[in-house]
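One structure is given below, encoded as structure tokens.
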Amino acid sequence: MSELTKTLTRAELIEVYHQMVLIRRFEEKCKELYNARKIGGVYLHLYNGQEATGVGAIKALKPTDHVITAYRDHGIAIAKGADVNRLMAEMFGKRTGVSGGKGGSMHLADASVRMWGGYAIVGGHLPLAAGIALKSKYSDDGDVVLCFIGDGATNNGYFHEALNLSAVWDLPVIWLIENNLYGMGTPVEVSSGQPELHKRAIAYGMKDFGRVDGMDFFAVYEVAQQAVEYARTTGPVLIEAITYRYEGHGVSDRIYMKRVEEMQTYQQRDPLIVMEKKLRELFPDIEPELAQIEPAVAATIQEAVRFAEESPVPTAEDLTRNVYA
Amino acid sequence: MAEKNIPMREALRAALREEMIRDERVFVMGQEVGAWEGTHKVTRGFLDEFGARRVRDTPISEMAIAGAAVGAAMAGLRPVAEIMTINFAFLAFDALINHAAKVRYMFDGQFKAPMVLRAATGWGNQATATHSHTPEPIFAHFPGLYLGCPSTPADAKGMLKAAIRDDNPVLFTEVIALYPKPGLVPDDPDFVLPIGKGDIKRAGKDVTIVSYGRGVEWSLDAAEMLAREGISCEVIDVRWLRPLDLPLIFESFKKTNRCVVVEESLPFYSFGSEIAAQLQEHMFDYMDAPIKRVSAMDVPLPYAKEIELMALPDAHKVVAAVKEII
């Protein structure tokens, strides 16, 4: 940890924690607004509990590096630097949303920060990640692709085909499995012959960065830094972060609420609590700075909701625009 | 303009090669495109000329071939991916339909996917049930994707170049039986035929025959036979199933008031169904006879040549259909 404080300054660590709190409160607000039917649609997949994984891994990137993920994408988009007002507007289906109100919760993208989107066909974004990485290799621009993968996506053909292709082409991709223990409602052990998912790397002759505690920002950041360096210079890597989602698969899922003990175990190791504790250990005089975070985040969320509510809905022209170039 | 008499596979090769020379972002990827020089030899000599960076052999991974092409296109390259035959493109269906065709719309114009997926199509060579599909209409069902299928070497060159230069994703199918057939092809490296523009392959006044791909050949043969009996057929090759050149079809129909649709594909929910529906919806006042459809029979394709050919459309079936409505 002492080494990490050398690479990340106090201000940067505060910023990281701020971002994790922002994601948590953003998700809580989304749930509230969904239940109040202000956010529509069928799907809302929340990132609560997984903040350390997304923020830790993205912190290891350069701004020009690429990020792509599946449909549990709110936290990833925030961590990559997408505008929170426009993210909330997308939840509301407004014209000012990052995807013009056409993508919704599962399809948040912001090309300006190289957040290539959330994708809602399980595994479907993996070959896209390989293709984006091919562009980097083809142009030799030194950028890498960080591709988040749900544990549930490790068992369809996309996973196999995309990881294998990245290996035979030596593509600069960090494949990061966010193992939150369940693919919808099915435990990993029930769906995977080899539940230690990082071991899949062996099958592709790919560098295996093992398992990391996805509830701990510092742990994720450290392994991600090494993985990014490896991907940038050598080729694709696989990491498995063990994490936990506090909500169901989607907000409509209620089965997860029966997992009381398991939930409590993970909540005791909540990413925000773990991070806050370490910040206090590192900087005994940090209390005043920590105290400013929640009010600042609350103001950001309030402003985002106001922006979303006051934004116009898409028009009939928007309906037919951007089908083709 | 100088022209050469070359087979369709050479016309396609010329188009690809010229575009790779013209634009460094254009590259080819797919099964056997490199050392093997393409299953249909369209990329003959490419590995030597352009090197392994731009001529990329892939594993037999259709989902990843199509999906990686989408990603590379989104990121700024112009991939021309090859799937050996359209039969295997069913495995790439999700990447094509859910991603190639949707990324622009779903993210409201932040991304584009200027990629071409080439695939050989067609049947009639005892290839049997799983290797005999001509499923263009299925892929043409979805907005966001273009679909072209040339019937002549010149069209093949001009259409493929247009597809590569366009900012939209294109599924480009090439009829296997037409690869060796020759035709005059312009040498001009900027010979580009606009996407969505059909072509009158033979002018006539009594009946409009609408077709694409291999069906054009049967239609032209039929028109020749019918001409000897004093029946004048206008043969329209739409070239593109999407975007579809409806104005060209409508203009012809206003003149002939009769239409036969010819396709190699299956009859149910088909190309013919769409043309017939469009004509009855927009050209009802000009209609003097029912729209006839000539297609493959509604069966999977068998191995034995004798019964395989029974299921295949041909010029005689087109002649019979025309005579029913004249």
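Readers should treat all values here as calculations from the given coordinates under stated rules, not as data from a laboratory. Worth saying up front: this structure is predicted, and the values here are computed from it rather than measured. Quick reminder, even Gly has a Cβ in these numbers, built from the backbone with ideal geometry, and neighbours come from all protein chains shown.
Scaled against the 2.2 N^0.38 Å expected of a compact globular protein of N residues, the Cα radius of gyration of the range A:198-325 reads 1.52.
Taking other C-beta atoms within 10 angstrom as a stand-in for reagent exposure, A:Lys135, B:Lys41, B:Lys157, A:Lys258 fall in the order A:Lys258, B:Lys41, A:Lys135, B:Lys157, fewest first. Between the alpha-carbon centres of the range B:94-118 and the range B:179-226 there is a gap of 30 Å. What translational diffusion coefficient, in µm²/s and rounded to a whole number, does the Stokes-Einstein relation yield for the range B:199-325 at 20 °C and a viscosity of 1.002 mPa s, taking the hydrodynamic radius as the Kirkwood radius over Cα pairs? This corresponds to a translational diffusion coefficient of 148 µm²/s.
Computed across the range A:56-202, the Kirkwood hydrodynamic radius from all distinct Cα-Cα pairs reaches 15.7 Å.
Build a GNM of chain B with springs between Cα atoms under 10 Å: which of B:Arg214, B:Arg242, B:Arg54 gets the top mean-square fluctuation? Evaluated over chain B, the most mobile residue of the options is B:Arg54. When +1 charges are put on Lys and Arg Cβ atoms and -1 charges on Asp and Glu Cβ atoms, the dipole computed for the range A:91-219 relative to its Cα centre reaches about 480 debye. About its Cα centre, the dipole of the protein assembly as shown is roughly 460 debye, where the only charges are +1 on Lys and Arg Cβ and -1 on Asp and Glu Cβ. Given the range B:3-186, what percent of its DSSP beta bridges are antiparallel, to the nearest 5? If we restrict to bridges inside the range B:3-186, about 20 percent are antiparallel. Using the Kirkwood radius over Cα pairs, work out the Stokes-Einstein diffusion coefficient for the range B:3-186 at 37 °C and 0.692 mPa s, in µm²/s as a whole number. Estimated via Stokes-Einstein, D reaches 203 µm²/s. Between the residues B:Leu147, B:Val319, A:Ile68, the greatest Cα displacement towards the positive end of the dipole of the protein assembly as shown, with unit charges on the Cβ of Lys, Arg, Asp and Glu, is found for B:Val319. Dividing the convex hull volume of the alpha carbon atoms of the range B:221-293 by its residue count gives 99 Å³ per residue. Going from the residue with the fewest nearby Cβ atoms within 10 Å to the one with the most, A:His18, B:His131, A:His74 rank B:His131, A:His18, A:His74. With Cα atoms defining each centre, the range A:69-127 and the range B:276-326 are spaced 47 Å apart in the structure. Annotation: the residues B:Asp298, A:Asp253, A:Asp216, sorted from fewest to most other C-beta atoms within 10 Å of their own C-beta, follow the order B:Asp298, A:Asp253, A:Asp216. Taking every DSSP beta bridge with both residues inside chain A, roughly what % is antiparallel (nearest 5)? Of all bridge pairs located within chain A, approximately 10 percent are antiparallel.
Positive-end ranking of A:Leu8, A:Ala109, A:Ile273 along the dipole of the range A:2-314, with charges on Cβ about the Cα centre, is headed by A:Ala109. Checked against a 18 Å cut-off, the cross-linked pairs A:Lys59/A:Lys137; B:Lys205/B:Lys323; B:Lys205/B:Lys255; A:Lys137/B:Lys102; A:Lys207/A:Lys278; A:Lys137/B:Lys112 give Cα-Cα distances beyond that limit for A:Lys59/A:Lys137; A:Lys137/B:Lys102; A:Lys207/A:Lys278; A:Lys137/B:Lys112. Mean-square fluctuation check for chain B, GNM, Cα pairs under 10 Å: which of B:Met297, B:Met115, B:Met310 is largest? Its mean-square fluctuation being the largest, the pick is B:Met310.
Within the protein assembly as shown, antiparallel bridges make up roughly 20 percent of the DSSP beta bridges whose residues both belong there.
Counting only other chain Cβ atoms within 10 Å of each residue's Cβ, the peptide B:55-64 averages 6.
Pairwise inverse Cα distances across the range B:17-66, averaged and inverted, put the Kirkwood hydrodynamic radius at 10.9 Å. Remark: the range A:1-132 is approximated by an ellipsoid whose semi-axes, taken from the C-alpha gyration tensor as √(5λ), come to 25, 18, 13 Å, largest first. Spatial offset of the range A:144-183 relative to the range A:9-31 amounts to 26 Å, using the alpha carbon center of each. Its residue count N sets the reference 2.2 N^0.38 Å, and the alpha-carbon radius of gyration of chain A equals 0.96 times that reference. Close amide H pairs (under 5 Å, H built 1.01 Å from N) link A:Val212 with A:Glu240, A:Ala241, A:Ile242, residues at least 5 positions away or on another chain. Ranking B:Val33, A:Gly81, B:Leu178 by how far each Cα lies toward the positive end of the dipole of the protein assembly as shown (charges on Cβ) leaves B:Leu178 at the top.
Loop-located chymotrypsin sites (Phe, Trp or Tyr not before Pro) in the range B:1-94 (DSSP state not H, G, I, E or B) with no more than 13 neighbouring Cβ atoms inside 10 Å: B:Trp36. Note on the protein assembly as shown: along the principal axes its Cα atoms extend 99, 54, 47 Å, ordered by decreasing extent. Listed by chain and number, the lysines whose C-alpha is less than 16 Å from the C-alpha of A:Lys94, apart from same-chain residues fewer than 8 away, are A:Lys38, A:Lys102. When Rg and Dmax are taken over the Cα atoms of chain B, they come to 19.4, 59 Å.
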